[in-house]
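The values are calculated or read from the model by the stated rules, or taken from the named source; none is laboratory data. Computed from a prediction, not measured in an experiment: that's the story for all the values here. Virtual Cβ from ideal backbone geometry, glycine too; neighbours counted across all protein chains shown.
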Amino acid sequence: MKLSVVVPCYNEEAVIDRFDATTRGMLDDLPIQYEICYVDDGSTDGTLARLRLLAERHPGGTRYVSFSRNFGKEAGMLAGLREATGDAVIIMDADLQHPPELIARMLDLYQLGHDQVIARRGREGDKPLRSALSRAYYRAVNKWVDVELADGVGDFRLLSRPVVDALLSLPEYNRFSKGLFSWIGFDTVTFDYRNAAREAGETKWRFGSLLNYGLDGLFSFNNRPLRIAIWLGVALAGLAALYAVWITVTAMSYGVTLPGYVTLVAIVVGMGGVQMVMLGLIGEYIGRIYYETKRRPHFLIKESAGVAGKPEDPRRRRLSQGKVV
Ligand code: UDP
Ligand code: MG
């Protein structure tokens, strides 16, 4: 069998050589053919130069594509999956937080017939605030979203060819992979590993981008928030009706009294706030529809190198000229 390892890299110059050496060392010990598909996600440091060297040094087992700018890890994974030719694909981070030692274990589970083999990390070494927030987020999201999202389950996983083809058949522009992996189904198995600290370089996730990623997870997978908006509206209208009845009754029993100004202002402002939130929520979905209807490609490739010795694919030549297919 042939295994493809897909590695999205964004400014990973400090660690990419070490990653390549370690992973290759692991793969060489296994009785399989393999290729490593690097995706340079528009790095601004020397990552691309390193990838060129790696591809030269290991012809026949290394390929890379380089984006015209930073398109994000989701786009990077998608490009890697499109490039991969193996019977199974493992997606790994370049920073050695996904221990290459686990590849053998994943392959064993794959050979037992599982289509998705997931390595679930613990939260050791994370900042306490970040792990507490993550845990709360997953608890909330699993109540709301139709697909199951598990804490600590990330992109480190092995996918069989049918799973890769299933993922590639999903055309959406907003790709929330965690949800997509879960949505496609297939025979899935999970095992745990201890989280390692990043070897070098620094994380690309700022707090704000994590928050946005969280919102993506909520909005990409269903329209339940819209349903909640409807129910909230119904509840508020119900309360308003009850309040009107109560006021009418008191006015009839005790006569009309002037006070009520504060109540009125509070209600007007409160309702205004609720309406703004609901409008924003609807806007969020419309924004997503807007991006989907543009049908833009997920990424643009400015340079790529295939496995040496393979006859050059005309499509690839067109890609390297900066055009998109
Ligand atoms: N990455 C990427 N594009 C981006 C951000 C990150 O390809 O815009 C890659 C990065 O090079 C790494 C992986 O995604 O291989 C995970 O990123 P990082 O280690 O920064 O995330 P963390 O482990 O902190 O969640
Ligand atoms: Mg990392």
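Check whether at least one residue in segment 127-143 is of a type in the set (Phe, Trp, Tyr) and either modelled with pLDDT of 85 or more or part of a loop (DSSP other than H, G, I, E, B) (or both), and report yes or no. The answer is no, given that none of the residues of segment 127-143 is of a type in the set (Phe, Trp, Tyr) and either modelled with pLDDT of 85 or more or part of a loop (DSSP other than H, G, I, E, B) (or both). When 102, 133, 107, 129 are checked against the criterion of being hydrophobic (A, V, I, L, M, F, W, C), surrounded by fewer than 21 Cβ atoms within 10 Å (Cβ to Cβ) and within 16 Å of ligand 2 (Cβ to nearest atom), 102 stands alone in meeting it. On the basis of being within 26 Å of residue 298 (Cα to Cα) and surrounded by fewer than 18 Cβ atoms within 10 Å (Cβ to Cβ), does residue 170 make the cut? Taking the combined requirement at face value, the residue satisfies it.
Select, from 236, 167, the only residue that is more than 16 Å from ligand 2 (Cβ to nearest atom), under 30 Å from residue 1 (Cβ atoms) and in a helix (DSSP H, G or I). None of the other options fit; the residue is 167. Can you give me the number of residues within segment 65-81 that are in a helix (DSSP H, G or I) and either aliphatic (A, V, I, L, M) or more than 9 Å from ligand 1 (Cβ to nearest atom) (or both)? Qualifying residue count for the region: 6. Test residue 26 against the stated conditions and say whether it is within 16 Å of ligand 2 (Cβ to nearest atom) and either in contact (Cβ under 8 Å) with a residue 60 or more places away in the chain or touching a Ser or Thr at 6+ places or on another chain (Cβ under 6 Å) (or both). Judged against the criteria, residue 26 is not a match. Quick check: is even one residue across segment 85-102 within 15 Å of ligand 1 (Cβ to nearest atom), outside any loop (DSSP other than H, G, I, E, B) and either at pLDDT below 90 or under 17 Å from the mean Cα position of the chain (by Cα) (or both)? Checked against the condition, which is being within 15 Å of ligand 1 (Cβ to nearest atom), outside any loop (DSSP other than H, G, I, E, B) and either at pLDDT below 90 or under 17 Å from the mean Cα position of the chain (by Cα) (or both), segment 85-102 yields at least one hit. Checking each residue in segment 193-228 for being part of a loop (DSSP other than H, G, I, E, B) and either away from ligand 2 (no atom under 16 Å from the Cβ) or surrounded by 13 or more Cβ atoms within 10 Å (Cβ to Cβ) (or both) picks out 195, 196, 198, 199, 200, 201, 204, 221, 222, 223.
Only one of the listed residues (201, 214, 185) is within 16 Å of ligand 1 (Cβ to nearest atom) and modelled with pLDDT of 75 or more. That residue is 214. In summary, residue 147 fulfils each of the numbered conditions (1) crowded, with 19+ Cβ neighbours inside 10 Å; (2) within 16 Å of ligand 1 (Cβ to nearest atom); (3) in a loop (DSSP other than H, G, I, E, B) with the single exception of condition (2). Of all residues in segment 4-61, those satisfying the criterion of being in a loop (DSSP other than H, G, I, E, B), surrounded by fewer than 21 Cβ atoms within 10 Å (Cβ to Cβ) and among the acidic types (Asp, Glu) are 13, 29, 45.
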